[in-house]
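The values are calculated or read from the model by the stated rules, or taken from the named source; none is laboratory data. What you are looking at is a predicted structure, and each value in this text was computed from that prediction instead of being measured. Reconstructed Cβ throughout: ideal geometry from the backbone, glycine too, with neighbour counts over all protein chains shown. When the accessible area is computed, the model is the full protein with side chains, heavy atoms only, and any ligands, DNA or RNA have been set aside. Shrake-Rupley method; radii C 1.70, N 1.55, O 1.52, S 1.80 Å.
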Amino acid sequence: MKNLFKLFSIIILIITSNSNSFAAEKVEYLKTDWSFKGLFGKFDRASLQRGYQVYTEVCASCHSMKYLSYRNLAEPGGPEFSEAQAKAIAASFEVTDGPNSDGEMFTRPGKLSDKFVMPYENVKAAQAANGGAYPPDMSVLVKARGGGVDYIYSLLQGYEEAPSNVSLDDGVYYNKYMYGNKIRMAAPLSDGLVEYGDGTNATVEQMSKDVTTFLMWSAEPHLESRHQMGFKAIVYLIILTVLVYFSMKRIWSRVESEV
Amino acid sequence: MSEKKTKRRDFLFTATTAVGAVGAAAVVWPMIDQMNPDASVKALASTEVDVSSLTPGNTLTVLWRGKPVFIRRRTQEEIDEARKVKMEDLIHPEKDEDRAKNPEWLVMLGVCTHLGCVPLNDKGDYNGWFCPCHGSHYDTSGRIRKGPAPWNMEVPKYEFVNANTIKIG
Amino acid sequence: MSDHDYRPKSKVGQWFNDRLPLLTLANHLTDYPTPKNLNYWWTFGGILTFCLITQIVTGLTLAMHYIAHADMAFESVEHIMRDVNYGWLIRYIHANGASMFFLAVYIHIFRSLFYGSYKAPREIIWIIGIIIYLLMMAAAFMGYVLPWGQMSFWGATVITNLFSAIPLVGEGIVTWLWGGYSVDNPTLTRFFTLHYLIPFLILGLVVLHIWALHVPGNNNPVGIDIKKPSKDTVPFHPYIVIKDGFALLMFMIVFAFFVFYAPNILGHADNYIEANPMVTPAHIVPEWYLLPFYAILRSVPDKLLGVVAMLSAILILAVLPWLDTSKIRSAVFRPLYKQFYWILVADVLILGYVGAMPAEGLYLLIARVATAYYFLHFLVILPVLGFKEKTLPVPLSITEPVLGGSPNLAAARNKESKIE
């Protein structure tokens with residue numbers, strides 16, 4: 001019994017410490033209190049809605065989010081815009097559809113079932129417009145970076161003057177959290193860049209937090225139900241384990257042996 | 001004393017088995033539900049059709065939820081023929097007035113209610129549709145008149161968004 | 001085993017059983033005499049069966065939604081994660097299930113190493129087990145390719161390139177494996193096919209593994225043969241079933257923690273970037289359960305010899321029953337072997353650790369020493385130990401340590417002879 005427990009904890013320790021060490025960089029990221037962390041972690045709806053605003057007004061001109069649909073914005077566990085709001089958001093985008101009966105492609109206002117409109121036709125066009133660098137798709141960006149949300153959050157605030165020993169080419173910027181410190185993206189945020197509908201002060205820090213929260217949701221849209229289900233599942237398993245433990249003791253009491 | 005003990009043991013085993021069974025059932029559900037229509041399929045549940053180019057006596061076939069939908073702009077003779085049929089002559093009695101709220105437009109799923117083939121337009125003994133698979137005849141209101149199909153062709157939920165556009169679903 | 005004369009009670013049962021003796025089999029499985037001194041390390045066989053079934057069931061459901069095409073694989077995985085009902089749950093169970101499967105199999109293997117379960121007359125069980133382990137690695141590797149992320153693509157490239165180390169035909173074999181001149185769509189579709197097939201091969205081998213086990217019966221912590229089944233064993237059902245069930249539930253709590261609260265911690269972030277044949281990730285690492293072998297591969301500076309070393313590290317296990325010359329099974333009675341056993345455990349963990357680190361400097365040195373020791377253990381230490389080691393006195397029957405746990409062997413022996 002005790003041995004088994006010890007073994008489990010040792011192995012989990014090893015595995016987790018091992019996988020932590022995979023994260024290539026050992027930079028201290030900026031920390032903030034994420035509402036979605038922890039056993040019962042949930043998204044902050046207002047922050048998600050603000051984060052969507054930052055994405056759509058700032059990031060979306062270069063970064064696509066090709067796995068998201070406008071309907072996701074109204075789904076439970078996300079920003080939870082009302083259906084009418086989500087429809088209005090979708091309709092504000094021009095979507096290419098077709099071909100019609102004449103064989104022509106045409107544009108129409110977006111519908112809930114449409115995917116997020118992409119800023120560029122394809123990867124080549126994106127590269128051509130950004131000096132050869134491809135602005136990565138942001139749908140699962142948080143999960144695709146070693147440091148996760150802390151990394152993105154820090155990166156957005158990590159722009160500073162390059163140290164004198166670092167020379168930068170044209171169109172390359174210095175960011176202390178970027179791998180190799182050189183980044184093709186100019187500092188995307190500045191104080192007051194967007195005007196929040198709910199009156200929140202749009203500081204760089206606030207916008208970074210909001211948009212990172214939004215990106216976490218876009219990467220893990222079922223995070224809330226996962227946490228809820230996980231808690232129930234583990235409580236259930238513990239109850240059943242206790243019951244089985246006592247049943248086992250009863251059954252084994254028939255033989256003169258220890259379990 | 002010993003009887004009491006047995007009872008308690010029985011209760012323990014019953015409780016363990018019952019709790020275990022509940023968990024097993026809870027695990028089965030996701031495995032079943034994953035085969036139901038997913039969120040992206042459900043989101044495509046309605047479609048809008050431009051019918052401005054459709055002239056009387058012609059049928060437009062569009063795809064909705066993976067099935068053909070017949071949109072027929074009926075001629076006056078077809079409407080008259082559909083409306084004069086007596087209810088007792090029908091296998092599945094339904095008034096044409098109920099099937100086509102706007103008599104000129106008949107919108108229905110182009111799926112034979114027998115085994116799901118697509119009936120042919122302007123064919124059959126009742127000037128409506130004829131299913132080539134097993135010989136079901138439908139009239140100008142899409143009602144079953146002869147053959148093995150049990151019901152009339154289904155009328156989906158639809159509405160005119162404007163004079164030229166029908167929204168199905 | 002007393003089930004040969006088993007006869008169903010009902011007429012229908014007898015009629016059926018005469019034609020297909022399924023009821024005899026069921027009776028055998030429930031009554032199967034199991035040593036009553038088995039500890040919790042013996043519950044991992046049952047846990048592994050659970051892992052295999054979980055992987056097959058979740059894998060089948062995922063295959064209903066996954067699209068094995070280079071252009072659509074990544075997207076279809078995102079579709080599963082976002083839109084399919086409970087898709088995220090099923091995928092996370094499947095992905096973490098692979099890790100849990102390997103966690104359990106390593107415990108199972110190291111239990112066998114500690115208690116000498118691979119020794120006569122259980123060599124065939126052990127060899128089938130090694131084949132299962134090899135197939136598991138193949139299935140896990142190909143499964144990791146399917147999401148078609150960066151690690152999938154580059155992992156597939158690196159591992160398939162191992163075959164190019166074979167002299168003369170190597171290049172041809174790699175091209176044949178790929179179905180092209182690089183890892184691409186043909187590679188993905190064949191990997192999917194094989195990934196789907198292998199679990200069923202494993203299932204068949206598991207049946208053989210258990211069959212071979214039921215011939216001599218279980219080994220046990222004392223490592224001696226059963227003297228008196230009536231005294232030393234309990235029927236599999238309910239005693240072992242409930243005990244396995246208890247251990248399985250503990251295991252499932254850990255499993256659930258990963259699935260619900262840390263579903264991506266065992267994976268690599270780069271695999272959420274779609275495969276790109278133009279860009280290699282800075283740091284290619286296999287999944288944690290392959291790291292020790294990866295370390296062995298990289299510790300040898302020659303391409304061919306590296307591959308040979310890695311394969312030998314696995315295949316050496318198959319001849320282990322003949323390398324270990326000791327007649328005593330359980331390490332409990334082998335004080336020296338016990339120490340070498342724990343050194344081996346540490347050695348493999350170290351190999352796993354350096355496997356995750358860049359192959360340079362100190363890490364490379366450690367990897368080389370650890371690799372050398374790994375082979376030393378099996379090729380030199382084990383054979384010599386069998387002749388040199390002074391083993392402790394082994395009890396007469398397993399009831400003895402169970403009853404008294406007594407160091408007083410003479411007393412126990414007396415008692416035993418009195419009963420007889």
Residue that is nearest to the other protein chains (Cβ to nearest Cβ) [pool: residues in the range C:257-268 that are at pLDDT 95 or above and buried (at least 21 other Cβ atoms within 10 Å of the Cβ)]: C:PHE260
Of residues in the range A:126-139 being of a type in the set (Gly, Ala, Ser) and open to solvent by less than 40 Å² (accessible area, probe 1.4 Å), the one modelled with the highest pLDDT: A:SER139
The range A:183-211: number of residues that are surrounded by fewer than 14 Cβ atoms within 10 Å (Cβ to Cβ), without any contact (Cβ under 8 Å) to a residue 60 or more places away in the chain and touching a helix residue (DSSP H, G or I) at 6+ places or on another chain (Cβ under 8 Å): 2
A:MET216, sole failed condition from (1) over 18 Å from A:VAL142 (Cβ atoms); (2) assigned to a helix (DSSP H, G or I): (1)
Among the candidates A:VAL123, A:VAL58, A:VAL54, residue that is at pLDDT below 95 and among the hydrophobic types (A, V, I, L, M, F, W, C): A:VAL123
Residue list for the range C:318-361, filter: outside any helix (DSSP H, G or I), touching a Phe, Trp or Tyr at 6+ places or on another chain (Cβ under 7 Å) and either farther than 20 Å from C:ILE127 by Cα or among the hydrophobic types (A, V, I, L, M, F, W, C) (or both): C:MET357
Candidate set from the range C:230-244 (those that are in contact (Cβ under 8 Å) with a residue 24 or more places away in the chain and buried (at least 18 other Cβ atoms within 10 Å of the Cβ)); member that is farthest from the other protein chains (Cβ to nearest Cβ): C:PHE236
Residues satisfying the stated conditions in the range C:84-112, i.e. within 14 Å of chain B (Cβ to nearest Cβ) and in a helix (DSSP H, G or I): C:GLY87, C:TRP88, C:LEU89, C:ILE90, C:ARG91, C:TYR92, C:ILE93, C:HIS94, C:GLY97
Qualifying residue in the range A:150-163 (condition: part of a helix (DSSP H, G or I), open to solvent by less than 50 Å² (accessible area, probe 1.4 Å), within 30 Å of A:ALA84 (Cα to Cα) and β-branched (Val, Ile, Thr)): no
Of residues in the range C:67-83 being touching a Ser or Thr at 6+ places or on another chain (Cβ under 9 Å) and open to solvent by 30 Å² or more (accessible area, probe 1.4 Å), the one nearest to the other protein chains (Cβ to nearest Cβ): C:HIS79
Complete set of residues in the range A:110-131 that are basic (Lys, Arg) and under 16 Å from A:THR56 (Cβ atoms): A:LYS115
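Among A:PHE231, A:PHE214, A:PHE246, which is the only one that is open to solvent by 50 Å² or more (accessible area, probe 1.4 Å), more than 7 Å from chain C (Cβ to nearest Cβ), within 24 Å of the chain's Cα centre (by Cα) and on the phi < 0 side of the Ramachandran plot?
Numbers: A:PHE214 fails: open to solvent by 50 Å² or more (accessible area, probe 1.4 Å); A:PHE246 fails: within 24 Å of the chain's Cα centre (by Cα).
One residue alone meets the criteria, A:PHE231.
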Qualifying residue in the range C:275-291 (condition: closer than 21 Å to A:VAL140 by Cα, at the interface with chain A (Cβ under 9 Å from one of its Cβ atoms), surrounded by fewer than 22 Cβ atoms within 10 Å (Cβ to Cβ) and among the polar types (S, T, N, Q)): no
Members of the range C:357-387 that are touching a Leu at 6+ places or on another chain (Cβ under 8 Å) and among the aliphatic types (A, V, I, L, M): C:ALA367, C:ALA370, C:LEU379, C:LEU382, C:LEU385
Subset of the range A:164-182 (residues that are crowded, with 20+ Cβ neighbours inside 10 Å and either at pLDDT 95 or above or of a type in the set (S, T, N, Q) (or both)): A:ASN175
C:ILE124 vs. criteria of a type outside the set (Ser, Thr, Tyr), touching a residue at least 40 places away in the same chain (Cβ under 8 Å) and open to solvent by less than 30 Å² (accessible area, probe 1.4 Å): no
Total residues in the range B:34-60, condition under 30 Å from C:MET81 (Cα atoms), in contact (Cβ under 8 Å) with a residue 24 or more places away in the chain and in a loop (DSSP other than H, G, I, E, B): 2
All positions within the range C:10-26 that are open to solvent by less than 70 Å² (accessible area, probe 1.4 Å) and assigned to a helix (DSSP H, G or I): C:GLY13, C:GLN14, C:ASN17, C:LEU23, C:THR24, C:ALA26
All positions within the range C:292-314 that are open to solvent by 20 Å² or more (accessible area, probe 1.4 Å) and hydroxyl-bearing (Ser, Thr, Tyr): C:TYR294, C:SER312
Qualifying residue in the range C:198-210 (condition: open to solvent by less than 20 Å² (accessible area, probe 1.4 Å), over 25 Å from C:ALA95 (Cα atoms) and either small (Gly, Ala, Ser) or part of a helix (DSSP H, G or I) (or both)): no
